[in-house]
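Below is one structure, written out as structure tokens; the observations come after it.
The values are calculated or read from the model by the stated rules, or taken from the named source; none is laboratory data. Keep in mind that what you see is a predicted model, and the values were worked out from it rather than measured. So basically every Cβ, Gly included, is an ideal-geometry build from the backbone, and we count neighbours across all protein chains shown.
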Amino acid sequence: MQTTIRNTAAIVLMVLAVLLGSAAMLGSAAARLADTPGPLQSILGPLASDPELRRVLPGTLGTELAARITALTAVPQILAGPLESAIATAGGALLEDPSFRPAWDATIESARADFTARLQAAQDPGSGSPAAGSPAEAEQVTLHLDLAPLLGSGYGTLHASLQGSALGAVLPEAIPATPVLLDTGWPRADQLPTATLNNWLSLARGASWMLGGAVLAAAAGMLLATRRTRPWALLAGGAAALLLGTATRLWVGSLGSAGTEDGTANLQGLVTDRLVAGVAGEFGAATTILATGGIIAMLGGAGWAWLASRTPDAGPRG
């Protein structure tokens, strides 16, 4: 009976080690996404040279530019056509300007910092906005890109190109730098609610402790198991890693899969689709390691068990 309990505990410890190790790997990826600039830059940064972005972004900026200009000044009807053409030209020129890529990168980093700040505010409303007890607390926190810096650059290009013309004379010197928020709609409330995401990130930031716990649990499991049971403990851990890696990959791949069918039709869909694919890719490496490591451990455990079955039993030594 004591040997059975010992071996059962050993297998449980091996499975626990896999769970802790998996949480450490996935948590580390999540913490990097939320807390460091690199991952989100690698996901959305290449859009700066993407042909689809260059097709849809000038139209988005042009619509907002036209709305702000007409709100600030009365443009004569005779100049409405030339203004529309000038705005379209300025939007295209902005994308070719050397300052566009740095501005796009700054927009991405600003979006990441804003996202984590709003997550923190949702977790601890007393620390800032929204105010405690307000309905905004329950709102889903999603990633927003503020296009105001790009809009300001576009207007600067437009104004400079019209200097000395009749149209340039009626345009304001500057436009308000109020936010122009592009809501990606991700993460979705039905898939990853803000409260759940905050809880997971709190755990993810302790990834080093989970990794240490995984090492201790694995070592304790192998030491506790009897010689005959150690291969089966290894096989159980491998099976747990394979199942967990496969399930996580399927779950991550499903995030954001609905609601983005028109991904190439507009700027929001394009950015959201790239974001969802990039996040899945960030976690993909961890899930691949888990699944591959699980297969190797299962094969190793099975081979070890086969060799042990062909070796004369010298008793239940530890």
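Observations on the structure shown:
- Residue list for region 206-232, filter: closer than 15 Å to THR3 by Cα, buried (at least 20 other Cβ atoms within 10 Å of the Cβ) and of a type in the set (A, V, I, L, M): LEU224, ALA225
- Candidate set: region 61-83, residues that are surrounded by fewer than 13 Cβ atoms within 10 Å (Cβ to Cβ) and of a type outside the set (A, V, I, L, M); chosen: the one nearest to ASP146 (Cα to Cα): THR63
- Tallying residues that are under 27 Å from VAL56 (Cβ atoms) and surrounded by 15 or more Cβ atoms within 10 Å (Cβ to Cβ) within region 162-188 yields 11.
- Of the residues LEU235, LEU201, LEU197, LEU244, the single one that is touching a Gly at 6+ places or on another chain (Cβ under 7 Å), surrounded by 15 or more Cβ atoms within 10 Å (Cβ to Cβ), part of a helix (DSSP H, G or I) and modelled with pLDDT of 85 or more is LEU235.
- Whether a residue is out of contact with any helix residue (DSSP H, G or I) (no Cβ under 7 Å at 6 or more places or on another chain), part of a helix (DSSP H, G or I) and at pLDDT 90 or above was assessed, and SER22 does not pass this test.
- Residues that are out of contact with any Asp or Glu (no Cβ under 6 Å at 6 or more places or on another chain) and in a loop (DSSP other than H, G, I, E, B) within region 168-182 comprise LEU171, PRO172, GLU173, ALA174, ILE175, PRO176, ALA177, THR178, listed in sequence order.
- Number of positions in region 52-110 that are in contact (Cβ under 8 Å) with a residue 12 or more places away in the chain, over 27 Å from the mean Cα position of the chain (by Cα) and in a helix (DSSP H, G or I): 20
- Exclusive hit being touching a strand residue (DSSP E or B) at 6+ places or on another chain (Cβ under 7 Å) and either at pLDDT 90 or above or assigned by TED's automatic domain parsing to the domain that holds ALA122 (or both), set LEU216, LEU182, LEU223: LEU182
- Search result, residues across region 135-148 that are modelled with pLDDT of 85 or more and surrounded by fewer than 21 Cβ atoms within 10 Å (Cβ to Cβ): GLN140, THR142, HIS144, ASP146, ALA148
- Subset tally (residues that are farther than 13 Å from LEU275 by Cα and in contact (Cβ under 8 Å) with a residue 12 or more places away in the chain) for region 35-48: 3
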